Amino acid sequence: MVVTDTRPAAEARPEPVLALSDISKHFQTTRRDTLALDHVSLEVQRSEFVCIVGPSGCGKSTLLGIAAGMDTAYEGRALFEGTPITGMARERAVVFQEPALFPWLNVRANVEFGLKLRGVPKHERKAIVDRQLELVHLEHFDRSYTHELSGGMKQRAQLARALAVEPHVLLMDEPFAALDAQTRDELQLELQSVFARIGTTVIFVTHNVREAVILGDRVVVMSPGPGRIKSIIDVPLSRPRLPDDYAVTDLAARVRAELQNVDETVEARYAI
Amino acid sequence: MRSKALRLGAFYLVVLGGWQLIATSGLWSSYLFPAPTSVVASLVRNVENGMIFAALGQSLWRLALGYAISMLLGLSLGVLNGSVRWADETIGGICLGLQSLPSITWLPMAVLWFGLSDAAIIFVVLMGSTFSIAISARSGIRGLPPLLARAAGTLGASRFQLYRYVIIPAMVPAMVQGMKQGWSFAWRSLMAGELLFVTIGLGHLLDVGRNLNDINMVFAVMLVIVVVGVVIDRVLFGTAEAWVRERWGYVAT
């Protein structure tokens, strides 16, 4: 079912974890001014898994950066649990596309990093880290350094590190984009079981439509030039979802049709 | 491993044998070109009479003191230049300029300031290594991938914690490289300073050898200087570099 993001105002809704309203973002270079986001609004409810898909340049990562507080130069309003976002905070931890692990720390110390910053006592830290490492199946690699890990293991470690600080919303910026197809399938399945257990709110940016349908409760389709939300598609499928499930393939085809529609509008614009 | 040791042993045996042959052939007088056997004899004599160890101790003490101060200064300057843009544009430029100045050229000024004292030599050592340490520290900070700073920020790091837990550890590979370079500058300036200067030390002992017309002693002291250099370079910095390689997976260049 295809729903646009115009919801009736009168409808009683719980307060969203994240409320982005009327966000516009310009990138200025000396030669020109690019509108990366054009009046984008998005609300994310607690324990929701929202995927954002769109072609390169649609502003999906920019939107995530604003939600994370890494980017504070924009127009519009970004509220996190009712208060304006003014900077980065552990309540909105990020998993990056590149393995952003600290190379001088082993896996355990990386996962422990955020807890150490908060001054969590040592024995508590150990218990939390053990739990996180087990969750992402890295319990036997806790002494390894990052250059000894495979791409998939690095992303698992990043996930464990972000989850360890107990974020209220986890922001994932194309975390599997650099992985091979098989590892990617594995991690998609694992991610489902992880979030079935802990129920954290997640915003997951990807350019892979099938991935978005497998993981998301909702799929936000964005269009480029300027970046806008084209439509939001609900994914009412039971979990775990497998990449070859008929329902997944079917829904992915519909999301893709939406995206193709996006491409056509882009072509139409360039044809003028 | 074993064959490498054999190869090296054979190589040095050939070098020493060739040296001994040339020296005993009478091609040059023995007071200009000593035989290895007489160099070793001189070394043993000067070790026994305590000259070598007294000089070595004095030189190493000056080196340690000068190097420690230059580490402190270099690191502070480097962190300042790496973190504050206007400092880099102003002080950073001066660091780059002074780094290209051969450190022994500080000696005349140091003698005028401090007189013929240890302080003058330590000052020269200091000027020799401070700027290269500062430049490495600065590039270590500038080389921090912005991604790691962002990762720390989204995990809740404050500005102070960013320095303490990310920026300082991230600069270690560049620092080890800079400290190694700084040490070699310090060691060279120390020897040059002691040579031009009447006070106990390995450099001065070389000059004593020259004054006594004792080529054996000159060679023996040079040998000691080589050994000290190699030991510090290989053992101290070799270990540090191996540690960096294991931890970081690479050594900064």
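Out of B:A151, B:A170, B:A157, I need the residue that is touching a Leu at 6+ places or on another chain (Cβ under 6 Å) and over 23 Å from B:S129 (Cα atoms). Which one? B:A157 is the lone residue from the list that is touching a Leu at 6+ places or on another chain (Cβ under 6 Å) and over 23 Å from B:S129 (Cα atoms). Would you confirm, using the coordinates I've provided, whether B:E241 is within 14 Å of chain A (Cβ to nearest Cβ) and not aliphatic (A, V, I, L, M)? Criteria not met by B:E241.
Please verify whether segment B:89-102 includes one or more residues that are more than 30 Å from A:M172 (Cβ to Cβ) and touching a Lys or Arg at 6+ places or on another chain (Cβ under 7 Å).
Yes, because at least one residue in segment B:89-102 is more than 30 Å from A:M172 (Cβ to Cβ) and touching a Lys or Arg at 6+ places or on another chain (Cβ under 7 Å).
Within segment B:242-253, identify whether any single residue is crowded, with 19+ Cβ neighbours inside 10 Å and closer than 30 Å to A:I85 by Cβ, and answer yes or no. Spell out the reasoning first.
Applying the first criterion (crowded, with 19+ Cβ neighbours inside 10 Å) to segment B:242-253 yields B:244, B:248.
Then drop every residue that is not closer than 30 Å to A:I85 by Cβ, which leaves none.
So far as segment B:242-253 goes, no, none of its residues is crowded, with 19+ Cβ neighbours inside 10 Å and closer than 30 Å to A:I85 by Cβ.
When A:G82, A:G69, A:G87 are screened for being farther than 25 Å from A:N261 by Cβ and open to solvent by less than 10 Å² (accessible area, probe 1.4 Å), only A:G69 passes. Against the list (1) touching a helix residue (DSSP H, G or I) at 6+ places or on another chain (Cβ under 9 Å); (2) farther than 22 Å from A:M172 by Cβ; (3) more than 10 Å from chain B (Cβ to nearest Cβ), the condition A:N106 fails is (3). If the condition is being within 14 Å of another protein chain (Cβ to nearest Cβ) and either aromatic (F, W, Y) or in contact with a Lys or Arg (Cβ under 9 Å, 6 or more places away or on another chain) (or both), then segment A:66-94 contributes A:I66, A:A67, A:A68, A:G69, A:M70, A:D71, A:F80, A:I85, A:M88, A:R90, A:A93, A:V94. Mind checking which residues of segment B:148-169 are among the small types (G, A, S) and more than 7 Å from chain A (Cβ to nearest Cβ)? Those that are among the small types (G, A, S) and more than 7 Å from chain A (Cβ to nearest Cβ): B:A149, B:A152, B:S158. Residues of segment A:126-153 that are buried (at least 21 other Cβ atoms within 10 Å of the Cβ) and within 14 Å of chain B (Cβ to nearest Cβ): A:V129, A:Q132, A:T146. Annotation for segment B:134-144: at least one member residue is open to solvent by 20 Å² or more (accessible area, probe 1.4 Å) and within 14 Å of chain A (Cβ to nearest Cβ). Would you say B:V111 is within 28 Å of A:G119 (Cα to Cα) and more than 14 Å from chain A (Cβ to nearest Cβ)? No.
The values are calculated or read from the model by the stated rules, or taken from the named source; none is laboratory data. As the structure is a computational prediction, the values presented were derived from the model and not from experiment. Virtual Cβ from ideal backbone geometry, glycine too; neighbours counted across all protein chains shown. The protein model used for the area step is the full one, side chains on, heavy atoms only, and it has no ligands, DNA or RNA in it. Shrake-Rupley method; radii C 1.70, N 1.55, O 1.52, S 1.80 Å.
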